[in-house]
Amino acid sequence: MKNYLLILVHVICALVLISAACSETGNSSLKGKWRSTDGKTQLQITGKQFILSEEAEPVAEDYFVKGDTIFTSFEGSAPTKFVIQQLDNKNLKLLYPDSLSVAFVR
């Protein structure tokens, strides 16, 4: 009987860990299509890619979010950091790596 209880506890713990690993990251308000308030920059954030299209050709980069910072990397180079200053359903304000703050709307 002790073995069954021990196995049951391990199975329950494994299921909790798997469900936590497979759940949504909570950044659903970050994902979507954004445009800067001046209309020059388009930003699209999907589940796997961060696509920033300014006047040049759009560049799709893989990204991950840690705290209030978006880390992107282009072809294995050092990650670029974008700090999220404001985020809600309609507004996004990012601090670019060169300390330029850009406001986006949906």
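The values are calculated or read from the model by the stated rules, or taken from the named source; none is laboratory data. If you're wondering where the values come from, they're calculated on a predicted model, not measured in any experiment. Note: ideal-geometry Cβ built from the backbone for every residue, glycine included; neighbour counts use all protein chains shown. Each accessible area value is taken on the protein alone, full model and side chains, heavy atoms only, with ligands, DNA and RNA left out. Shrake-Rupley method; radii C 1.70, N 1.55, O 1.52, S 1.80 Å.
What to note about this one:
- Of residues in region 49-84 being outside any loop (DSSP other than H, G, I, E, B) and farther than 14 Å from LEU30 by Cβ, the one modelled with the highest pLDDT: LYS81
- All conditions in (1) open to solvent by 90 Å² or more (accessible area, probe 1.4 Å); (2) assigned to a loop (DSSP other than H, G, I, E, B) hold for GLY39, with the sole exception of (1).
- Some residue of region 15-23 being at pLDDT below 90 and either touching a helix residue (DSSP H, G or I) at 6+ places or on another chain (Cβ under 8 Å) or open to solvent by less than 40 Å² (accessible area, probe 1.4 Å) (or both): no
- Close Cβ contacts (under 6 Å, 6 or more residues apart or on different chains) running from residues in region 36-57 that are more than 16 Å from VAL105 (Cβ to Cβ) to residues that are outside any loop (DSSP other than H, G, I, E, B) and modelled with pLDDT of 90 or more comprise ILE51/GLN44.
- Scanning region 42-65 for residues that are in contact with a strand residue (DSSP E or B) (Cβ under 9 Å, 6 or more places away or on another chain), of a type outside the set (Ser, Thr, Tyr) and open to solvent by 40 Å² or more (accessible area, probe 1.4 Å) returns GLN42, GLN44, LYS48, GLN49, GLU54, PRO58, VAL59, ALA60, ASP62, PHE64, VAL65.
- Cross-chain or 6+ apart pairs with Cβ under 9 Å, region 66-89 first and within 14 Å of LEU43 (Cβ to Cβ) and open to solvent by less than 60 Å² (accessible area, probe 1.4 Å), then at pLDDT below 85 and of a type in the set (Gly, Ala, Ser): THR80/SER73
- Pick from region 95-106, criterion touching a residue at least 40 places away in the same chain (Cβ under 8 Å) and open to solvent by less than 60 Å² (accessible area, probe 1.4 Å), ranking: farthest from LYS33 (Cα to Cα): VAL102
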